[in-house]
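One structure is given below, encoded as structure tokens.
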Amino acid sequence: MAPAAQLLPPTPEGIRRAAELLRDGQVVGMPTETVYGLAGAAFDEQAIARIFRAKERPTFDPLIVHVGEAQDLDALARLELITPERLGATARARVDALIAAFWPGPLTLVLPRHARVPDLVTSGLPTVALRRPRHPVALALIAAAGTPLAAPSANRFGRISPTSAADVIAELGDRIPAVIDGGPCAIGLESTVLAVGDAGELAVLRVGGTPIDDIARVAGAPVMQLRQAAGGDPASLLAPGMLASHYAPHKRLVPLPARVAELSGERIRAELHGDALPARLGLLAVSGAAGELAARFAALTGREVTIRVLSAAGDDEEAAHNLFASLRALDASPAEVLFAEPYPENDGLGHAIRDRLQRASHR
Ligand code: TXA
Ligand code: MG
């Protein structure tokens, strides 16, 4: 067994140690307000290669580069991350408005890349994805390292994104030298990824922590939504990294056709398409009282039930915050098959929560 990753405190010393590792071309687990990232110096090809190796991530899936102080397009150009000349006046105005409104925060912008950005970061695309995180430890680490940091979520490829330092250790602890413990992630879902065309066209490549309606309002323009790719074939992907199966627990996750209160035992069994109902079940519920819901599900199925409720009060932010941690907890529980209630449709975080649940249950 390789030595376990060192858990660094979010103190000046911990950050200094992590920055030292990054300057040496190493990779480090970094807290952000969305999920934990696996960071490496963005212009260091060896560090980027280490990120892909640690995650077992295919190289057709490009990384997000995290910046510290950057107030507008010109600042990103000075960092040698983008070439804004390709963007027309409308595109520039929209990007600057989006940066002013949403950075630091969970919005990633896909912009024309600078030649200095390694091909491995962008998967050879003419664009680069950029985000300024809000977590103070991430910002301190970028400043201490003295370089933008490329960082995908710090999970093995296709698995559940980590929302605590312990999750990062569980995913990658035997493969990376260190993780900074910045506490649980406030948002708990990845950033929204938005592509900006040369004429200012806006297209969401991944729904996430920044609602699409808010983006459209700030940009003063409609936002297109790319349909997710149907399968796992990289050639068919409209946007790289948008595989149908993602964020997946090890156990089978079965989406329920309705809330537990509206279901019969027969309908639940039907979702297994002929497979036997195992002795122990997991239930990911949207809202309500855990005890009552678990008792009802146990009565309907005649089985033992482990439950996680995303938000007792039905609050979207709390649900997003709890989503990945709940999936991990159910994956680690005695339950053999997991069921998930459908998350209500809405324009805010509910959109991203539904997206993650759909990908987590795709098999
Ligand atoms: O919240 C987040 O975005 C987290 C934290 C760590 O910042 N990061 C994250 O990274 O979720 P990752 O690697 O798991 O997802 C990044 C996704 C890729 O899968 C890809 O779909 C998209 O961003 N992406 C990156 N570069 C792109 C590009 N040049 N063009 C289109 N999509 C790109
Ligand atoms: Mg990811």
Original post:
Taking springs between alpha-carbon atoms closer than 10 angstrom, which of Gly282, Gly314, Gly291 fluctuates most in the Gaussian network model of the chain?
Top reply: Gly291
**OP:** Take the Cβ-Cβ distance between Asn346 and Arg116 as r, set R0 to 41 Å, and report the resulting FRET efficiency rounded to the nearest 0.05.
**Re:** 0.50
Subject >> Computed over region 16-86: relative contact order in percent, which uses C-alpha pairs under 8 Å that are six or more apart >> reply: 17
Subject >> Crossing angle, helix 45-55 versus the chain [Cα axis fit, 0-90 degrees, rounded to tens] >> reply: 0
Subject >> Virtual spin-label span in nm between Leu272 and Ala258, 7 Å along Cα→Cβ >> reply: 2.1
Subject >> Nitroxide proxy distance, nm - points 7 Å out along Cα→Cβ at Ala299 and Arg53 >> reply: 5.7
**OP:** Once you have a ≥ b ≥ c as the square roots of the Cα gyration tensor eigenvalues for the chain, tell me rounded if a/c is under 1.5, and otherwise prolate or oblate according to whether a/b is larger than b/c.
**Re:** prolate
Original post:
For the chain, modelled as a GNM with alpha-carbon contacts under 10 angstrom, which of Ser191, Ser123, Ser153 fluctuates the most?
Top reply: Ser123
Original post:
What is the chain's relative contact order, in percent, from Cα pairs under 8 angstrom and six or more apart in sequence?
Top reply: 19
Original post:
Under a Cβ-Cβ cut-off of 15 Å, what is the net charge of the residues other than Gly197 that fall near it, where Lys and Arg count +1 and Asp and Glu count -1?
Top reply: +1
Original post:
How much of the accessible area of the chain, probe 1.4 Å, is carbon plus sulfur, in whole percent?
Top reply: 52
Subject >> the chain: angle of helix 316-332 to the longest principal axis, Cα-based, in degrees nearest 10 >> reply: 70
**OP:** Out of all DSSP beta bridges with both ends in the chain, state the antiparallel percent to the nearest 5.
**Re:** 35
Original post:
About its Cα centre, what dipole magnitude does region 295-355 give when the only charges are +1 on Lys and Arg Cβ and -1 on Asp and Glu Cβ, stated in debye to the nearest 20?
Top reply: 340
Original post:
Taking a spot 7 Å from the Cα of Ala289 along the direction of its beta carbon, which residues of region 308-324 have an amide N less than 20 Å from it?
Top reply: 308-315
**OP:** Could you provide, to the nearest whole Å², the per residue accessible area of the chain with probe 1.4 Å?
**Re:** 40
Subject >> Heavy atoms of Asp275: accessible area, 1.4 Å probe, square angstrom to 10 >> reply: 80
Original post:
Expressed as an acute angle from 0 to 90° and rounded to the nearest 10, what is the orientation of the C-alpha long axis of helix 89-102 relative to the principal long axis of the chain?
Top reply: 60
Subject >> Cα gyration tensor shape for region 124-176, rounded if a/c is under 1.5, else prolate or oblate >> reply: oblate
**OP:** Report the accessible area of Phe339, computed with a 1.4 Å probe over the heavy atoms of all protein chains in place, in Å² rounded to the nearest 10.
**Re:** 0
Original post:
Sorting Leu139, Leu310 by accessible area (1.4 Å probe), largest first, what list results?
Top reply: Leu139, Leu310
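The values are calculated or read from the model by the stated rules, or taken from the named source; none is laboratory data. Values in this document were obtained by computation on a predicted structure and should not be read as measured data. Ideal geometry is used to build each Cβ from the backbone, glycine not excepted, and the neighbour counts take in all protein chains shown. Side chains included, ligands, DNA and RNA excluded: accessible areas come from the protein's heavy atoms. Shrake-Rupley method; radii C 1.70, N 1.55, O 1.52, S 1.80 Å.
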